Each structure stands twice: as structure tokens, then as C-alpha cells.
Amino acid sequence: MTHKPRTLVHTSRQPIRWADMDMLGHVNNTVFFRYCEQARIEWTYGLHAAGDAYAKTGPVIVNASCTFLLPLLYPGEVEVRMYLCDPGRTSIVSHYEILKDGTKHADGAAKLVWIDLATGRSVPLPDRVTASVHAPEPVGGRAGERG
């Protein structure tokens, strides 16, 4: 299987909370999607001027997946690396690696479509999104959290 080139655009560090675990004693599978969501939200807010995120346009997810490689256990911290590739006219594919202590525990992906929030109709990707895929340095996120 060949992988398309990906650009690291954001790295998020998040605590594993006691409440993230299920009755089997490991982080519930649904929480892996929350970790990816948090990384995606941080990246999105990093694209906008302060207080301007989701003012007129923003991403919606049309599909999402996760391959669970190893269970995650409390306590600890996860590192979620967010990558982008395959920009289209109105959509882009995001990929995620979820690591703990340098070991990969999951791979995720989500296809994002940019929409006009007032009408719900798709709109062209903002230049800042496509620029982040082609930038020599990762963009998006907060200082100290870039890939």
C-alpha cells in the first residue's frame, strides 16, 4: 500500500483522564476520536485571528476512521500528530497518529469539507488551509505545539 505525502500541521498533547477508561480498564475506543477532534479544533483555531474561528466558514467531517493498534491506559499523556494531504476544491484529508511515551497506539483519518456556516453549502478551501499543506514548515496550532 502506498501512502500519499502528508504534511504535519499540528501536534497536540492531552492528558489521559480517569474518565476516559471503560470497564475493561483501558481508554474507550470512542475517546480516540475525541483526541483527534481536540487536535483538529486546536489546529482550526490556530488558522484564524483571535476570536474569529468559525465566524463564517468551517470544516465538517464527512467520514472518520481509526485503527486501534495498542490499548491506552491511565495515567499518562497522549501526543496527537495531525497531518494533511489530498487537498481538493472544497475538501481535505486529515490523518492522525496517537502516541503515548513515543509508542504509536492508533492511526486515524477524517475527510473535512469546508462549508459556509450560514447556508451549510460547501465552499472552496481557505487559502490558509491549502498553504499549510504546501508550506515548508508546519503551520497552525499554538507556539510550542507545532510538529
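Just so you know, all these numbers are worked out from the coordinates, no wet-lab data involved. This is a predicted model, so every value here is computed, not measured. Virtual Cβ from ideal backbone geometry, glycine too; neighbours counted across all protein chains shown.
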Normalised radius of gyration for the stretch 1-126, please: alpha carbon Rg relative to 2.2 N^0.38 Å, two decimal places.
1.12
Given a Förster distance of 25 angstrom, what is the FRET efficiency for Tyr45 paired with Thr119, based on the Cβ-Cβ distance and rounded to 0.05?
0.65
For each of Asp22, Asp107, count neighbouring Cβ atoms within 10 Å of the residue's Cβ, then give the residues from fewest to most.
Asp22, Asp107
For Thr103 and His134, FRET efficiency with R0 = 30 Å and r from the beta-carbon atoms, rounded to 0.05?
0.45
Which whole-number percent gives the relative contact order of the chain, counting Cα pairs below 8 Å spaced six or more residues apart?
33 percent
If the chain between Tyr74 and Leu24 were fully stretched, how many nm would it gain, using 0.36 nm times the residue separation less the Cα-Cα distance?
16.8 nm
Filtered hits (lysines, Cα-Cα < 29 Å from Lys56, offset >= 8 within chain) -> Lys111
Please give the helix 29-47 orientation as an angle from the longest Cα principal axis of the chain, in degrees from 0 to 90, rounded to the nearest 10.
40 degrees
